[in-house]
1. Considering only the stretch A:206-226, state which residues are at pLDDT 90 or above and hydrophobic (A, V, I, L, M, F, W, C).
2. Among all residue pairs at least 6 apart or on different chains, which show Cβ distances below 8 Å where the first residue, located in the stretch B:98-124, is without any contact (Cβ under 8 Å) to a residue 60 or more places away in the chain and the second is in a loop (DSSP other than H, G, I, E, B) and surrounded by fewer than 13 Cβ atoms within 10 Å (Cβ to Cβ)?
3. Just need a number here: residues in the stretch B:288-327 that are over 12 Å from B:G141 (Cα atoms) and either of a type in the set (A, V, I, L, M) or in contact (Cβ under 8 Å) with a residue 12 or more places away in the chain (or both).
4. Checking A:E220 against (1) in contact (Cβ under 8 Å) with a residue 24 or more places away in the chain; (2) charged (D, E, K, R); (3) touching a Gly at 6+ places or on another chain (Cβ under 9 Å): exactly one of these is not met. Which one?
5. Checking the conditions here, which among B:V135, B:V194, B:V181 is surrounded by 14 or more Cβ atoms within 10 Å (Cβ to Cβ), of a type outside the set (K, R) and assigned to a helix (DSSP H, G or I)?
6. For the structure I just gave you, tell me whether A:K266 is of a type in the set (K, R), within 14 Å of chain B (Cβ to nearest Cβ) and assigned to a loop (DSSP other than H, G, I, E, B).
7. Looking at the stretch A:259-303, which of its residues are on the phi > 0 side of the Ramachandran plot and in contact (Cβ under 8 Å) with a residue 40 or more places away in the chain?
8. Tally up the residues in the stretch A:183-206 that are more than 28 Å from A:T111 (Cβ to Cβ) and surrounded by 13 or more Cβ atoms within 10 Å (Cβ to Cβ), please.
Amino acid sequence: MKFYGLAAAAACSIAGSLIAGPAMAQTLAPSETLDAVKARGHIECGVHLGLPGFSFANDKGEWSGLDVDYCKSLAAAVLGDATKVKYTPTSVQQRWPVLQSKQVDLLARNTTITFSRNATLGVNFQGINFYEGQTFVVRTKAKVTAVKDLADATVCVAAGSTEEKTAADWFRERNLKITIINFQKNDDAISAYDQGRCDAYTAGLGALAGQRIKFKNPAEHQILTEVISNDPQGPTTRWGDERWQLVVRWVLNAQIAAEALGVTSKNVDEMKAKSTNSEVRRLLGVEGKFGEMMGLSNDWAYNLIKQVGNYGESYERTVGMGSALKLKRGSNELWTKGGLLFTPPFQ
Amino acid sequence: MKSPWLQTLRQRLFATPVDAAITLVCLYVVWRLSVPLLHWLVFDATWNGTSRDACKGDGACWVFVRVRFSQFMYGQYPIPERWRVDIAGALLVATAGLLSWRGLPHRRGLAIASVTVLPLAGLWLLYGGLGLRIVETREWGGLMLTLVLTIYAGLIAVPLGILLALGRRSRLPLIRFASVVFIEFWRGVPIITVIFLASLLLPLIMPSGFDVDRLARAVLGLAFVIAAYMAEAVRGGLQALPEGQTEAAQALGLGYWRIQRRIVLPQALRIALPAMTNEFIALFKNTTLVLIVSLFDLLGIAQAALADPAWVGMNMEAYVFAGAIYWFACFAMSQWSRRREKRLQAAYGR
């Protein structure tokens with residue numbers, strides 16, 4: 001594969017310099033996907049069947065969510081218009097074949113990034129847009145702020161679930177006592193917690209956030225921000241087409257960098273006109289030709305920030321405090337503010 | 001008062017003390033069950049409003065179904081284009097209505113048109129092209145998608161099933177063998193597997209650029225499986241027919257197709273009708289399996305709506321509503337079949 005890639009690159013650069021002359025001195029690797037996207041005029045985004053906060057279609061068929069916002073950002077960056085996305089809802093069984101058979105350009109759906117998936121499924125993960133992890137929902141009045149505060153507590157779980165094992169292991173390793181009450185089904189465990197039989201119920205962050213609003217009185221419950229498992233999620237592409245992978249990766253980085261640099265959808269015009277920070281200027285296409293290097297227009301990041309917003313704006317609107325889910329930032333906070341969300345510099 | 005009703009009641013339900021006891025116990029059980037059910041369904045239910053907050057009582061929250069109603073019917077079909085679905089639906093109802101009127105002039109012509117021209121017209125209306133805006137099948141959904149799947153899969157499955165049944169009884173070994181292989185293969189594979197493979201494996205092995213629509217693949221998959229079942233139902237009808245019928249027709253010098261068309265099939269299909277209706281009802285309900293390839297039929301769209309954070313805890317309402325529609329459709333089909341059987345029986349007796 002590598003040989004062909006190199007050969008193609010070489011052939012292209014020769015052809016490019018012969019045909020277009022010095023104007024095309026900056027050679028771009030061929031990108032089948034990017035060409036296809038531009039030709040058809042929209043992005044084909046593979047999303048979750050319906051997960052509030054991440055990808056969810058309302059009664060008018062309008063999609064919203066953190067992953068959907070990523071798709072919109074990609075469309076804004078590549079095509080200049082955040083609305084040029086078509087969504088393919090994918091089931092768990094369907095997601096990989098749909099990606100491999102090129103029915104979608106990428107997956108932006110809650111899928112945990114793991115070694116074996118990366119190594120054996122022919123897919124690449126282009127960064128992390130949500131640090132999912134197992135955590136606990138507890139009653140607000142219980143004054144629990146960290147997982148270790150749950151020592152001597154009772155936890156409701158579904159028997160035989162991975163959550164049960166993870167939770168039991170976590171407390172055993174730390175020599176903390178915990179009482180686990182097993183239930184046949186997940187729903188039973190949830191309602192038992194809601195009725196007060198346990199002090200906590202455990203599941204992934206996203207699932208808990210969706211679950212909490214179903215409780216009789218959601219305001220009485222809070223979700224811990226500390227997680228005891230590591231299930232990062234992010235946009236996924238198939239192997240091959242490195243330039244498309246580059247675009248997918250740096251669109252996510254641009255969302256994060258914009259937040260880190262304080263560029264929002266509201267102040268982006270002002271920042272573009274006045275900012276003296278050279279990273280901001282490069283990001284917004286005032287300095288350098290970062291868009292062209294990927295085969296996009298230089299205002300790619302400007303477009304996505306203007307039309308969709310930076311990562312923080314998107315998070316608050318979809319899963320954060322501005323949404324029904326009310327998830328705190330936790331690990332999904334910027335690395336400069338104690339979270340894990342990180343982007344390499346735009347240099 | 002000596003009304004015949006009272007008489008019947010006494011004879012049927014209260015003839016002996018044991019009968020009376022059983023009747024009373026049954027009535028009590030029905031009463032205990034139906035009162036809370038009716039309270040939930042009707043009396044305590046909330047009908048008016050626009051949001052979750054309107055639903056305060058213990059009863060069902062039909063506001064949810066009302067708000068989502070058009071989505072349950074059309075899926076994500078673009079709103080300005082929905083008149084096309086309405087016309088297609090009206091055509092369907094009108095044709096079915098007209099065809100059930102036996103004295104209709106040109107009834108035969110309409111019947112032929114309803115299985116040839118109308119499906120194409122319906123496809124044009126729903127999909128577009130030739131002057132209409134194209135609406136991709138991924139935007140189809142809800143009851144409309146369920147009906148499209150059932151009708152088009154049925155339109156393929158019935159003729160194919162009849163041909164397969166005839167093929168299985170053919171004297172030509174090659175045709176017989178091919179029919180047997182087809183029937184046994186498609187009957188032996190779970191429908192969910194067929195849909196999954198048709199939707200996912202086909203694009204992987206097809207040459208790139210050659211793309212069959214996802215919905216079309218699901219329709220074909222469903223049609224093949226149901227055709228195999230239909231073939232066996234029709235074969236039952238064929239086998240129930242005395243050999244003498246064919247022999248007599250042969251003695252008159254009629255050819256194979258003519259015998260099948262004029263003598264054998266009219267009688268065999270009459271016998272097979274209940275079994276075929278059964279397959280049709282099964283097909284209607286099996287369309288829900290397309291959810292696995294992310295096509296949102298009526299049940300799929302109802303389930304998707306359940307995830308809406310603005311409408312938490314509407315599981316009962318969504319499933320009761322979807323279930324009621326499925327039940328009505330299936331009941332209508334079985335009633336149609338019963339009427340048809342009766343009429344054919346009458347014709348047979350003449």
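The values are calculated or read from the model by the stated rules, or taken from the named source; none is laboratory data. Keep in mind that what you see is a predicted model, and the values were worked out from it rather than measured. Positions of Cβ are backbone-derived with ideal geometry, glycine not excepted, and every protein chain shown enters the neighbour counts.
1. If the condition is that a residue be at pLDDT 90 or above and hydrophobic (A, V, I, L, M, F, W, C), then A:I223, A:L224 are the ones that fit.
2. Pairs that qualify, where the first residue is without any contact (Cβ under 8 Å) to a residue 60 or more places away in the chain and the partner is in a loop (DSSP other than H, G, I, E, B) and surrounded by fewer than 13 Cβ atoms within 10 Å (Cβ to Cβ), are B:R107/B:W101; B:W124/B:L130.
3. So the first thing to find is which residues in the stretch B:288-327 are over 12 Å from B:G141 (Cα atoms), and the list is B:289, B:292-293, B:303, B:305-327.
Remaining after also requiring either of a type in the set (A, V, I, L, M) or in contact (Cβ under 8 Å) with a residue 12 or more places away in the chain (or both): B:289, B:292-293, B:303, B:305-307, B:310-312, B:314, B:316-322, B:324-326.
Of the residues in that region, 21 qualify.
4. (3)
5. Just a single option satisfies the conditions, and that option is B:V194.
6. Values: of a type in the set (K, R): yes; within 14 Å of chain B (Cβ to nearest Cβ): no; assigned to a loop (DSSP other than H, G, I, E, B): yes.
In short, no.
7. Hit for the stretch A:259-303 is A:G295, nothing else.
8. Number of matching residues: 6.
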